[in-house]
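In what follows, a single structure is set out as structure tokens and then discussed.
The values are calculated or read from the model by the stated rules, or taken from the named source; none is laboratory data. Since this is a predicted model, take the numbers as computed values, not measurements. A quick note on method: Cβ atoms are made from the backbone with ideal geometry, for glycine too, and the neighbour counts reach across all protein chains shown. Please note that ligands, DNA and RNA were not included when accessible areas were found on the heavy atoms of the full protein model with its side chains. Shrake-Rupley method; radii C 1.70, N 1.55, O 1.52, S 1.80 Å.
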Amino acid sequence: MRLLLLLPVLSLATLACAPATPPPTRETIVVTGSAYDRGLQHGTALRSKIRSFYTTLLNNSLYPFLSREQPDIAGLLKEYDSDRYKEGRFAFELLLDSAKSIERDLGRAGRDELRGIAEGSGLTYEQALVLNTFVDTTLAVRGIGLAIRQGRAPVIESVEFLGAGADQVDNDGDGSSDETDEGVFRPYDPPFFAAAVELDVRTRLRVVFSDADGVEPQTVRVRVNEALYLHGDPSLEFVDLSPGRLQVTWTPPEPLPLASQITFVLSAGDTRIIEIPGPPRASFRRDEELLVTTRGAGLHPRDISRPPLTDNRTRPPPFAVGVKGARAASGPLLAHSFALLDANTAHKHTVVVEHRPDNGPPYLTVGWAGIVYGLSGLNSRGVGVACNPSDTLDNSVVGSVLSQAADLSKAKLLASGLPAGFLVKRVLERAGTAAEGAAVLAEDSPVYGWNCTVADDQGGLEVVELDSDAFKQGQGGVYGYGPTDRDATMRRFSSLTDDDLIVGSSYTRNRDDSIFLNLAGQRVVPQRYWSGFFFRSRRVIDNVTRRLQARAEPVDVPWLEGLLAEPEVVDRSDSMNAVVLDLRARTVHSAMGAVPAPSVPFVATELRP
Amino acid sequence: MRRLFFLVTLVPALAFAMETQVLPQGAIMLDVGYLRTSLDKQWSGERKPLALIDELPRYEPGGGLQGILRARPVAEFDFLLVQALYGVTDSLSVGVNVPILMRSTISTNLSWQPGDYQPQLGRSYSLEDFWSWAESMGQPRVADRAVDSRFRLADIVLGAKYLLPRFEWMKANAFRWSAQLNVALPTGTNADPEEAVSVGTNLWELHAAGDVELHLAADKHFFVDEHGVYRLNIGADVFYAFFRPRQYQGGRGLKNPLLNNNAFYVGDTYWIDPGDWLAGTLSIDVVPFLGPTRASIVSGGSLEKAHALPPMLTLSASYTYVGTFQSDWQSASKLWDWDREKLWQAGEKNVFRFTGTISLLRLGVPLQLYASYRSQDIIPGRYTRPANVFTGGVRAVMKFW
């Protein structure tokens, strides 16, 4: 009797007890055939993830976030007050306007692939279009917003290292000492390299901030290496020079160490509190970094490497490293650390897509569900490419405003050109060498600023810095260089040897990416004046350069994987993927599916012939 | 953002005293009880206490980590339990249990760990900054305390207990055994998919009992007097609880656009297969005091029968082990499913219950008063939510001769 009762119970228990297992946060899919077919296969295979990615990243994160900007933007561009942009539709319609503008440049194959994605996933075509174009458009709109915010914030008028002009020492590496402007930056121009060298250990720093709303002394922050100086500290002296201008002088409480690098980080906010959109806040100057050395260091300003900052106020941006020739142990390698926008969701939707088109070479891209491209990848011809964003106001959205400047009441923020991912895709579809890849990159204007590194299995290695050339500066927005190219001072742009390249998220050759312009009361200035990436990028380039320099042996895949996982160069919040492209082996080594991406092991994906 | 709560508590299943107790033929017992339950944690797979919901890392697009929102919610529920039992024969009793949620009180106890430095703010986000930011995107602030005083019916449970025929050796050794079947009617409600803080009243959300339960119980009496009243009882019960799959609606973010907007990828509806339970109870009942006994209307004027009535004071203690099987979410998004399933893996509850019953039947008053306390904290469980429950009530017993 007892046994009879027990048997059905146990069988029921067995049926109901299957443990749940976590679904993969990274996928690998193979898509073949025409562009539409490939899109359809992609959309069908990852239907659930595509819809989840669209909802959690766009609907629940980006759209409401962008909608916060509507009052500011509509204040300048009245079109955004119209009904179409109301009731929560602002962000989607804003991005859709640009997506439709970009759509024309995608080509038939690009549009067909998006149709396939839409059909397979159940997204509308418009949603698929926005999903595949929002990164560049958002970067452009965000860049404008950031530049506007920086325009509202206190500006550094001047920086002066007191006494540097009379210390009988060459403090700027130009071979002369005690010139009238030595140690003085007026107007202040954010420096690429060290601001001054061989300073006396008692040198005082004087900064003048200005802001039409007034500079709030309580918000002034001066960090000197590990020490922080705030309002009220006896080392800081405040003088109101005139309404809206505040002079801050820092006096070292004790002599600085001899023969040392000193990093100053300066910041200040204004007196006007912005209440809407929340939270209430002043407008803050980004952290300005000034690197100097004290007497005895014996280094030229360009030879000083920025140390890591440990104040938890900065995160490493994307970077790429290419090695070849004697630098590479077994063939050329291209490594990429990509970080931008995880929002606690992108890492759950990662995918390596093996494209096997009807025409052209097969290729692998490292990206996300529902997005037809990656920001890195390689093709069967041995060409690899990796792109990093590079903030610029020379972008297509600013260009559209310029072209509509005659009547801003009807003007809209419209992106145009190709998103970087589609540029990557075109390189992989067409190029057989790095040089051909660079040429492909130069064919189309990008939506936003990007630094793309192209490498091939024969040792080709090139960087192409791109902007939209809205200001017609004569280069067509294309600024290329390789490891052997040198700047006006005969120094390599961003290489240690002929066989390596280190590329960050700031321009190295295209330094004056934008002209200086006042547009409807807003200052348009080059990247280094406003971009939050600028100092971070310079620092990560120096960090990676140091590590590469310290590596005596040729570089191999495990070493690069280790480099990409180094905490000092990983964005712990927005890291999206870490990739090593082995061009000779036609293999992608990728770490993704977690935050930060290299916190999980790298997985090798070989591209079949 | 995820919605903040998926609440689970515990109300008692159809209550019979002792494991095998049935009512005499024709007897009716009405039981009205008040139940207060509180819940403030869940057990991890390693038997560690965790907050009822995961911490929520919040990110600003492109701005990194805003901070980590932590909630240490405390949920308290007030139930009214109305039960009626009827003795169909001396061996078969049937009953109905009607639980009514009178009030739920949820204190969220939110705290905040600042995240990355935000250059546009000149500081890291504080909790106030975060809510201000969320409100600017249309997401209302989640209340610190949510009180719902609407009376809501939970699942009604129907039950039948049959005292199985005893073999001679059972009779000789004061041994009884019984079988019981409980079946729940789906009168409870699901949690509201649009509310940030919401409580459902179906048995799965209350984690109180199965939709169908099959019990096999036994009692062994010790120190039985000539009237059949014991001084000590040892009981045991094994049961299997089956839960039917339930359909829920996806959220559209109508009230909480950032918290409850998932229908597009989860689906308009989704299913939860809660996973069944396999459980066993050991209990002990001690009678320290029989009490004065007199012939009364309760005993039909018979002193002999009055001596057979329940003792005036009975103290009981029990331990129940409940093995819970994996809960399975079935939506259009396996990612979303896993985020929930990981908290509801196969686990266990360890339930201790202590009860005191005062019976006035021997005095001629057809009432019993009882109070009990149930704890799941004494032995930590796994992947379950340990609700602690106080119950007090009164039973009226009637018999028509």
From phi via Karplus (6.51, -1.76, 1.60), per-residue ³J(HN,Hα) for the range A:485-501 in Hz, x at Gly/Pro: 6, 10, 7, 5, 8, 6, 9, 4, 5, 7, 9, 8, 9, 6, 10, 8, 8
Reciprocal of mean inverse Cα separation for the range A:319-606 (Kirkwood radius, Å): 19.0
Label-point separation in nm, A:E87 to A:E553, each point 7 Å along Cα→Cβ: 6.6
Most to least accessible of B:E135, A:E126, A:E27 (protein chains only, probe 1.4 Å): B:E135, A:E126, A:E27
Relative contact order (percent, whole number), chain B, Cα cutoff 8 Å, 6+ residue spacing: 17
Separation of alpha-carbon centers, the range B:149-182 and the range B:362-382, rounded to whole Å: 17
Karplus-derived 3J(HN,Hα), 6.51/-1.76/1.60, for each residue of the range B:216-221, Hz, glycine and proline x: 10, 10, 8, 10, 10, 8
Options B:S372, A:A153, A:Y479, ranked by Cα towards positive dipole end of the protein assembly as shown, top entry (Cβ charges): B:S372
Largest to smallest principal axis extent of the C-alpha atoms in the protein assembly as shown, angstrom: 122, 71, 60
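Could you grab the relative contact order for the range A:319-606? Cα pairs under 8 Å, six or more apart, rounded to a whole percent. Don't skip to the end; give the middle numbers.
Numbers: 704 pairs, mean separation 66.8, N = 288.
Normalised by residue count, the contact order of the range A:319-606 is 23 percent.
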Binned Cα-Cα distances of the range B:63-141, short to long, each 10 Å bin given as a whole percent: 15, 26, 17, 13, 11, 9, 6, 2
Percent accessible area from carbon and sulfur atoms, the protein assembly as shown, protein chains only, probe 1.4 Å: 56
About the Cα centre, charge dipole magnitude for the protein assembly as shown (Lys/Arg +1, Asp/Glu -1 at Cβ), debye: 3600
A:E237 - accessible surface, heavy atoms, 1.4 Å probe, Å² rounded to 10: 90
R0 of 35 Å, Cβ-Cβ distance B:A371-A:N312: FRET efficiency to nearest 0.05: 0.05
List A:F471, A:F264, B:F223, ordered by accessible area with a 1.4 Å probe, largest first: B:F223, A:F471, A:F264
Inter-centroid distance (Cα atoms) of the range A:347-364 relative to the range A:450-496, Å: 27
Heavy atoms of A:H300 accessible to a 1.4 Å probe, total area in Å² rounded to 10: 70
Over 21 Å between alpha carbons, listed pairs B:K48/B:K342; B:K305/B:K399; A:K425/A:K472; A:K86/A:K412; A:K49/B:K48; B:K171/B:K220: A:K425/A:K472; A:K49/B:K48
Total formal charge among the other residues, if their Cβ is under 10 angstrom from that of B:Y230, Lys/Arg +1 and Asp/Glu -1: -1
Virtual spin-label span in nm between A:R546 and A:D178, 7 Å along Cα→Cβ: 3.5
Modelled label reach - A:L241, point 7 Å along Cα→Cβ, the range A:170-195 residues with backbone N closer than 15 Å: A:184-189
Potential extension, B:V224-B:S111 segment - 0.36 nm per residue separation minus Cα distance: 34.9 nm
Rotationally averaged projected area of the range B:27-399 (alpha carbon convex hull; nm²): 20.7
Long-range amide H partners of B:T293 with built H, under 5 Å: none
B:V88/B:R150 FRET efficiency (R0 30 Å; Cβ-Cβ; nearest 0.05): 0.25
Helix-derived mean residue ellipticity, 222 nm - over chain A, DSSP H n ≥ 4, -39500 (n - 2.57), to 500: -7500 deg cm²/dmol
By accessible area with a 1.4 Å probe, ligands and nucleic acids excluded, highest first: order of A:H589, B:H307: B:H307, A:H589
With Cα atoms, 0 to 90° folded angle of helix A:434-443 axis to chain A main axis: 80
Cα centroid of the range A:138-159 to Cα centroid of the range A:531-580, whole Å: 27
Solvent-accessible surface (1.4 angstrom probe) belonging to A:D189, in square angstrom, nearest 10: 60
Chain A: angle of helix A:420-430 to the longest principal axis, Cα-based, in degrees nearest 10: 60
Between helix B:127-136 and chain B: long-axis angle, C-alpha atoms, 0 to 90°, nearest 10: 70
Distance between modelled label sites at B:L80 and B:R36, nm, 7 Å Cα→Cβ extension: 1.7
Near-label residues of the range A:72-96 by backbone N, under 19 Å of a point 7 Å along Cα→Cβ of A:S403: A:77-80, A:94-96
Relative contact order %, the range B:11-123, counting alpha carbon pairs below 8 Å whose residues are six or more apart: 32
